[in-house]
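I'd like to ask you about the structure that follows.
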Amino acid sequence: MPSRLRAVATVVVLQVFASIGFSQAKLSPKWEELTGPDFIQAVHQSQGVCVLPFGIIEKHGAHLPLGTDLLDVRFAVINAVQQEYAVVFPEYYFGQIFEAQQQPGTVAYSLAIQLTLLQETVKEMARNGCKKVVIVNGHGGNESLLPLFAQAQLATPRDYVVYVFGLPNQNVPGRPKLKSKNDMHGGETETSNMLIARPDLVHMDRATAESGADQHRLDLPDNVYTGIWWYARFPNHYSGQGADATKELGEFDQKEWSRQIAEAIKAIKADQESLKLQNEFFEESQHPLDTQQ
């Protein structure tokens, strides 16, 4: 073969192998790390399932970083999408945290901003092909906000479905037994999780600097709710004892959290009914007097 033809053939072979390598390269799950062409491929690969890990910026005792919830939930989600691929939206912390405004570093947006920004965010995700938006919550203060937001999706027609994955189920076989009696915020569980997600940000020597005990400053019936309940019980915005944390508990919880998220993503990929029923609902909502009674 003449040298010129050999050179041309070599270039063609290299281009073919480069093309194969490009198409088979493992895609990052992180939205912000993808190129435009890769993003298209990622959305197709994820079957339109995109995950929004939802954290917050708030104090977590004297020993954990302000972004603990955000760091933990993203760690769990990123591990989950290694098991069941989906596109993961960038850091999101625009949630409900009014109860911690007296603590340094808290970022508490107005309720109107929280709901508007979240609606605009999922709308933009859907416009980019994410027709199944999965909000994975990492913050207890969002546990009322997010179901409300999901319910509000029925207000007007849309071509996408919002799913909310709440805090993980921790009542599972094999979980290491907790030492702490009260463990609601910044305590044994969250500290253990951070010992796995970001051990470099955990200051165990400060875990006993403040009290995480329940102050019992309100005496109301169990079925009476008031927004000041948390401050009344835990004015230090710390509930539990971080000093009881262990890597063993953190490893178990993080692995189980990711497994549960991956399982949910798999089920959501297979879900062909939610959007169909949503469209049926919106159609019937236009003429309620015709709805069969």
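Which residue, of Ala155, Ala150, Ala112, is without any contact (Cβ under 8 Å) to a residue 40 or more places away in the chain, open to solvent by 10 Å² or more (accessible area, probe 1.4 Å) and not in a helix (DSSP H, G or I)?
Criteria check complete, one pass: Ala155.
What number of residues in the range 123-147 are more than 18 Å from Asn279 (Cα to Cα) and either in a helix (DSSP H, G or I) or of a type outside the set (Asp, Glu) (or both)?
Here the count works out to 16.
Taking the options Asp219, Asp214, Asp183, name whichever one is farther than 20 Å from Asp69 by Cα, in contact with a strand residue (DSSP E or B) (Cβ under 8 Å, 6 or more places away or on another chain) and assigned to a loop (DSSP other than H, G, I, E, B).
Asp214
Mind checking which residues of the range 115-139 are farther than 12 Å from Val51 by Cα, in contact (Cβ under 8 Å) with a residue 60 or more places away in the chain and open to solvent by 30 Å² or more (accessible area, probe 1.4 Å)?
Of everything in the range 115-139, just one residue is farther than 12 Å from Val51 by Cα, in contact (Cβ under 8 Å) with a residue 60 or more places away in the chain and open to solvent by 30 Å² or more (accessible area, probe 1.4 Å), namely Asn128.
May I pose another question? Please determine whether any residue of the range 40-57 is free of Cβ contacts under 8 Å to residues at least 60 places away in the same chain, in contact with a Gly (Cβ under 7 Å, 6 or more places away or on another chain), outside any strand (DSSP E or B) and of a type outside the set (Phe, Trp, Tyr).
Within the range 40-57, one or more residues are free of Cβ contacts under 8 Å to residues at least 60 places away in the same chain, in contact with a Gly (Cβ under 7 Å, 6 or more places away or on another chain), outside any strand (DSSP E or B) and of a type outside the set (Phe, Trp, Tyr).
Name the residues in the range 158-175 that are open to solvent by less than 30 Å² (accessible area, probe 1.4 Å), part of a loop (DSSP other than H, G, I, E, B) and farther than 19 Å from Val73 by Cβ, would you?
Across the range 158-175, the qualifying residue is only Tyr160.
Matching residues to (1) under 20 Å from the mean Cα position of the chain (by Cα); (2) modelled with pLDDT of 95 or more; (3) under 21 Å from Ile56 (Cβ atoms); (4) among the hydroxyl-bearing types (Ser, Thr, Tyr):
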site: Val202; (1), (2), (3), (4): no, yes, yes, no
site: Ser211; (1), (2), (3), (4): no, yes, no, yes
site: Asp219; (1), (2), (3), (4): no, yes, no, no
site: Ile228; (1), (2), (3), (4): no, yes, yes, no
site: Ser239; (1), (2), (3), (4): no, yes, yes, yes
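Continuing with this model, one more query. Within the range 264-293, track down each residue that is within 22 Å of Val136 (Cβ to Cβ), part of a helix (DSSP H, G or I) and free of Cβ contacts under 8 Å to residues at least 24 places away in the same chain.
Ala267, Ala270
Let me ask another. Could you figure out which of (1) open to solvent by 50 Å² or more (accessible area, probe 1.4 Å); (2) in contact (Cβ under 8 Å) with a residue 24 or more places away in the chain; (3) over 26 Å from Leu111 (Cα atoms); (4) of a type outside the set (S, T, N, Q) isn't true of Leu220?
Looking at each condition in turn, Leu220 falls short on (2).
Follow-up question, since we're still on this one. Go through (1) assigned to a helix (DSSP H, G or I); (2) without any contact (Cβ under 8 Å) to a residue 60 or more places away in the chain for Tyr231 and report which single condition fails.
Of everything listed in (1) assigned to a helix (DSSP H, G or I); (2) without any contact (Cβ under 8 Å) to a residue 60 or more places away in the chain, Tyr231 misses just condition (2).
The values are calculated or read from the model by the stated rules, or taken from the named source; none is laboratory data. Note that the coordinates shown come from a computational prediction; the quantities given were computed from them, not determined experimentally. All Cβ positions, even for glycine, are placed from backbone atoms using ideal geometry, and neighbour counts span all protein chains on display. Ligands, DNA and RNA are stripped out before the accessible areas are found, and what is left, the full protein with its side chains, is counted by its heavy atoms. Shrake-Rupley method; radii C 1.70, N 1.55, O 1.52, S 1.80 Å.
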